[in-house]
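Below is one structure; the comments refer to it alone.
Read the figures in this text as sums done on the coordinates, not as results from a lab. This is a predicted model, so every value here is computed, not measured. Ideal geometry is used to build each Cβ from the backbone, glycine not excepted, and the neighbour counts take in all protein chains shown.
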Amino acid sequence: MSSVLIVGAGPVGAVCALALQQQGIAVQVIEAQPEDARADSRTLALSHGARLILERLGVWDRLDPVTPITRIHVSQRGALGVARLSADEVKVPALGYVLPYATLTTALKQVLADAAIAIDYGVAVERIESAADAATLHRADGRSDSAPLVVVADGGRGEAVPTPKFERDYDQMGVVCDVQTELPHANQAYERFTPEGPAALLPKGEHYALVWTASREDAERIVQLTDAEFLAALYRHFGGRQGLFLQASPRKAFPLKLVYVGSEAADRVVRIGNAAQTLHPVAGQGFNIGLRDAWELAALCGESPTGEIGSAAMLAAYARGRRVDVLGGVGFTDFLVRVFSNDIGPLRHARGLGLLALEVLPPLKSFVARRMMFGARG
């Protein structure tokens with residue numbers, strides 16, 4: 001019997017498996033998707049803190065291509081207030097890194113294989129039953145596996161997802177694609193707040209990855225625009241800081257919401273990553289919080305006596321340890337979306353003053369930058 005069973009071989013589950021093995025803990029991974037499943041086309045923004053985790057696991061040097069973000073430009077459309085964050089100011093090589101999701105998953109697969117960690121692909125989990133000393137995972141094919149601890153890292157897509165402790169539908173969608181601009185990006189990212197929602201440009205190779213937040217109705221319309229219509233609409237929406245928008249890849253849209261299930265767990269089961277919390281993509285917090293979930297859970301398992309792994313006391317300690325970071329990220333992203341996604345006059349002026357304060361007060365700038373890189377505990 002493995003000490004830990006992980007449901008989900010995506011990045012969060014894979015990082016958890018590698019970190020547990022580093023702690024000398026036996027681990028087995030169960031993944032619903034087949035091994036040759038089509039690679040996800042998403043773009044990821046990793047924080048500097050995520051890089052440190054991946055370096056410690058021997059994954060970072062296998063990632064190529066990766067584009068560093070050395071500066072971030074934050075503004076609001078139609079109002080005063082601009083803030084600029086710089087990696088040099090906080091003495092790190094980059095504030096974050098942009099890469100294709102498939103680049104990370106390919107590297108993680110290679111490291112998992114090198115580490116001889118067992119992964120069962122194409123295995124659907126029907127339910128998980130708990131007992132005092134172990135949790136039993138029941139597969140769709142009738143077989144079962146037991147372990148003192150089951151970690152659910154399936155992105156919240158599996159069966160029997162608990163009722164969320166908190167949920168908010170933003171009535172928004174994120175339109176994503178890659179775009180080429182007239183001016184080179186010079187490793188600068190943009191977060192542009194508009195009454196309809198934030199628009200982010202992330203340097204990715206020679207282009208930008210775009211996340212354009214819009215209402216459901218507008219997003220569906222935007223996706224259907226011709227390339228020329230889309231590029232013109234994006235210029236009107238974002239402005240000309242990067243010159244004209246010259247090219248765009250095919251657009252996709254996905255709904256944006258906040259779902260907080262929580263990591264509080266009993267009976268030998270714990271949820272991490274998107275299985276525990278799904279955040280709005282503004283400020284790029286959700287995925288990085290998930291990697292910290294995986295890293296800190298593995299570290300706590302390593303510190304616990306073998307007989308305590310998966311116990312109620314250990315899982316309660318894990319939940320306490322993660323609460324500040326997770327709820328800090330939930331609150332930060334929810335605050336940004338709700339306070340900036342409107343055109344209310346007093347709020348518009350208050351936002352401008354907040355951005356001005358961030359620009360001119362180095363301690364505040366360092367405070368915000370460190371929390372974006374390392375989470376609410378900085």
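So, with +1 on the Cβ of K and R and -1 on the Cβ of D and E, and no other charges, what is the size of the charge dipole of the stretch 86-148 about its Cα centre, to the nearest 20 debye?
Details: 5 positive and 9 negative charges, 24 e Å.
In debye, rounded to 20, the stretch 86-148 gives about 120.
Cα centroids of the stretch 290-329 and the stretch 27-68: how far apart, whole angstrom?
First find each Cα centre; the distance between them is then 21 Å.
Within the set of other residues whose C-beta is less than 13 Å from the C-beta of Ala107, count the net charge using Lys and Arg as +1 and Asp and Glu as -1. It would help to have the intermediate numbers written out before the result.
On the way: positive: Arg51, Arg62, Lys109; negative: Glu55, Asp61, Asp64, Asp114.
So the environment of Ala107 carries a net charge of -1.
Highest first, please rank the peptides 249-261, 221-233 by the mean number of other Cβ atoms sitting within 10 Å of their residues.
Details: 249-261: 16.5, 221-233: 14.5.
Most protected by this proxy first, the peptides run 249-261, 221-233.
I need to check one value: relative contact order of the stretch 235-322, counting alpha carbon pairs closer than 8 Å and at least 6 residues apart, in percent. Before the final figure, lay out each step's value.
Values: 78 pairs, mean separation 24.1, N = 88.
It rounds to 27 percent for the stretch 235-322.
Would you calculate, for the chain, the mean residue ellipticity at 222 nm contributed by helices, counting each DSSP H stretch of 4 or more residues as -39,500 (n - 2.57) and dividing by all residues, to the nearest 500?
Theoretical 222 nm ellipticity from helices: -11500 deg cm²/dmol.
Based on Cβ point charges of +1 for Lys and Arg and -1 for Asp and Glu, what charge dipole magnitude is obtained for the chain about its Cα centre, in debye rounded to the nearest 20? Display every interim value, and only then the final one.
Working: 38 positive and 41 negative charges, 244 e Å.
Charge dipole of the chain: 1180 debye, to the nearest 20.
Please report the antiparallel percentage of the DSSP beta bridges confined to the chain, to the nearest 5.
Values: 55 of 75 bridges.
Antiparallel: roughly 75 percent of the beta bridges in the chain.
Measure nothing but the geometry: give the 0 to 90° angle between the long axis through the Cα atoms of 101-114 and the longest principal axis through the Cα atoms of the chain, rounded to 10°.
30
Once you list every other residue whose beta carbon is under 14 Å from the beta carbon of Ala9, what net charge do they have if Lys and Arg are +1 and Asp and Glu are -1? Let's see the in-between values first.
Numbers: positive: Lys109, Arg157; negative: Glu31, Glu35, Asp36, Asp40, Asp120, Asp154.
Local net charge: -4.
Could you work out how far helix 11-22 tilts from the main Cα principal axis of the chain, as a 0 to 90 degree angle to the nearest 10?
Computed tilt is about 50 degrees.
Going by average Cβ density within 10 Å per residue, which order do the peptides 317-328, 201-212 take, highest to lowest?
Details: 317-328: 17.5, 201-212: 22.2.
Result, highest mean Cβ count within 10 Å first: 201-212, 317-328.
Go through 363-374, 145-156, 54-65 and give me the packing order, highest mean Cβ count within 10 Å leading.
Numbers: 363-374: 17.3, 145-156: 23.7, 54-65: 15.3.
Top to bottom by mean Cβ count within 10 Å: 145-156, 363-374, 54-65.
Relative contact order for the chain: what is it in percent, counting Cα pairs under 8 Å that are at least 6 residues apart?
Values: 790 pairs, mean separation 83.0, N = 378.
Relative contact order here is 22 percent.
Report the charge-dipole magnitude of the stretch 56-201 in Debye, nearest 20, computed about the Cα centre from +1 at each Lys and Arg Cβ and -1 at each Asp and Glu Cβ.
Numbers: 14 positive and 20 negative charges, 86 e Å.
Result for the stretch 56-201 is approximately 420 debye, rounded to the nearest 20.
Enumerate lysine pairs in the chain that are 8 or more residues apart or on different chains, then count those whose Cα atoms are under 23 Å apart.
Details: Lys91/Lys204; Lys91/Lys365; Lys109/Lys204; Lys165/Lys257; Lys204/Lys252.
Lysine pairs meeting the criterion: 5.
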